[in-house]
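This report concerns only the one structure given below.
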Amino acid sequence: MNPLAWLGAMLVGLSLGLTGAGGSIITLPVLVYLAGVPPDQAVGLSLLVVGAAAAAGALQRWKAGDFHPRAALMFAVAGMAGSMVGARFTRSVAPEVLMAVFAVLMLVVALTMLLSRDEALVMALECRPFRCLLAGGGVGLLTGFIGVGGGFLLMPALVKFARLPLRMATGTSLAVIAFNASAGFAAHFQAASTDWKLASLFSGIAVAGSIAGNHLAARLPVPRLRQGFAVMVLATGIWVLWRNLGA
């Protein structure tokens, strides 16, 4: 097994623990290009890894009080339903097309992260059912289809639609990611075989990274870390797109 694959698993967990977003988007290319897992199988496996790491991080954030139950419930319920629907379409798309779509998504996410600013606006917490359920369902669809946790979408959605403070949005995002990923994996589990040895090792490393990331989050400048991660996502997206275009 390529040692870089284990390093990738650690980076997935670290990013989730530090920012509540982002790490899941590199799980699929790590599994496909470094661990040699076929794309259709890697989607389900990535959901298992991401779900385990997010659950570990969410538990720590919940203990610290950085968690909003109402927002988490709404986004999770809608997201789990959307995730199971999205998973049904994965096998109807050619592996090359799936990875190309994923690469384009990585580029969009990376540029959005680089260009966005963390605004310290103070707003009253308000998670209205219609807008929160709609936003959660949309994130869930993407989660099931491409195998990402959706944290890079959940974070801004929780801040904008549920009006959560950044730190609370991070902990809530991790909980929703864990639920969405679990639903997506359950849908993929019936259609594809799972390498449980690989899944256990990857998940264990990612969980360790998530726990470490949570401990570091209070000491490091998270906005700068997000920018650094965005650069890595951008570079990875360009590489994946180049591989699939046959350049």
*Given the conditions (1) of a type outside the set (Lys, Arg); (2) at pLDDT 90 or above; (3) more than 16 Å from Leu141 (Cβ to Cβ); (4) surrounded by 22 or more Cβ atoms within 10 Å (Cβ to Cβ), which single one is not true for Leu7?*
(4)
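When you look at Val43, is it of a type in the set (Val, Ile, Thr) and farther than 17 Å from Val207 by Cβ, yes or no? Give the derivation first.
Working: of a type in the set (Val, Ile, Thr): yes; farther than 17 Å from Val207 by Cβ: yes.
So Val43 passes the test.
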_Going residue by residue through region 125-138, is there one that turns out to be within 23 Å of Phe229 (Cβ to Cβ), among the basic types (Lys, Arg) and either modelled with pLDDT of 75 or more or over 18 Å from the mean Cα position of the chain (by Cα) (or both)?_
no
*Which pairs have Cβ atoms under 8 Å, sit 6 or more apart or on different chains, and link a residue in region 200-215 that is within 12 Å of Gly20 (Cα to Cα) and without any contact (Cβ under 8 Å) to a residue 60 or more places away in the chain to one that is basic (Lys, Arg) and in a helix (DSSP H, G or I)?*
none
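So which of Ala212, Ala183, Ala235 ends up being buried (at least 20 other Cβ atoms within 10 Å of the Cβ), assigned to a helix (DSSP H, G or I) and aliphatic (A, V, I, L, M)?
Working: Ala212 fails: buried (at least 20 other Cβ atoms within 10 Å of the Cβ); Ala235 fails: buried (at least 20 other Cβ atoms within 10 Å of the Cβ).
When all the criteria are applied, what remains is Ala183.
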*Can you tell me which residue in region 34-60 is nearest to Gly213 (Cα to Cα), limited to those that are out of contact with any helix residue (DSSP H, G or I) (no Cβ under 7 Å at 6 or more places or on another chain) and in a helix (DSSP H, G or I)?*
Leu59
*Could you tell me which numbered condition Ser193 fails, if it satisfies all but one of (1) of a type in the set (S, T, N, Q); (2) over 18 Å from the mean Cα position of the chain (by Cα); (3) at pLDDT 85 or above?*
(3)
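Could you please let me know if Ser24 is at pLDDT below 90, closer than 24 Å to Asp195 by Cβ and out of contact with any helix residue (DSSP H, G or I) (no Cβ under 9 Å at 6 or more places or on another chain)? Show your work before the answer.
Numbers: at pLDDT below 90: yes; closer than 24 Å to Asp195 by Cβ: yes; out of contact with any helix residue (DSSP H, G or I) (no Cβ under 9 Å at 6 or more places or on another chain): no.
Answer is no for this residue.
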*How do the pairs read when you match residues in region 227-247 that are more than 17 Å from Gly8 (Cα to Cα) with residues anywhere that are assigned to a helix (DSSP H, G or I) and hydroxyl-bearing (Ser, Thr, Tyr), using Cβ under 8 Å and keeping only pairs 6 or more apart or on different chains?*
Arg243/Tyr33
*asked:* One residue is enough: does region 23-33 have a residue meeting the conditions assigned to a loop (DSSP other than H, G, I, E, B), in contact (Cβ under 8 Å) with a residue 60 or more places away in the chain and either under 19 Å from Val207 (Cα atoms) or touching a Pro at 6+ places or on another chain (Cβ under 6 Å) (or both)?
replied: no
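Which one is farthest from Leu133 (Cα to Cα) among residues in region 62-84 that are surrounded by fewer than 16 Cβ atoms within 10 Å (Cβ to Cβ) and in contact with a Gly (Cβ under 9 Å, 6 or more places away or on another chain)?
First, the residues of region 62-84 that are surrounded by fewer than 16 Cβ atoms within 10 Å (Cβ to Cβ): 63-65, 69-70.
Those left that are additionally in contact with a Gly (Cβ under 9 Å, 6 or more places away or on another chain): 64-65.
Working: Ala64: 26, Gly65: 23 Å.
Checked region 62-84; the qualifying residue farthest from Leu133 (Cα to Cα) is Ala64.
The values are calculated or read from the model by the stated rules, or taken from the named source; none is laboratory data. Note that this is a predicted model, so its numbers are computed, not measured. When we count neighbours, we look across all protein chains shown, and the Cβ atoms used for this are built from the backbone with ideal geometry, even at glycine.
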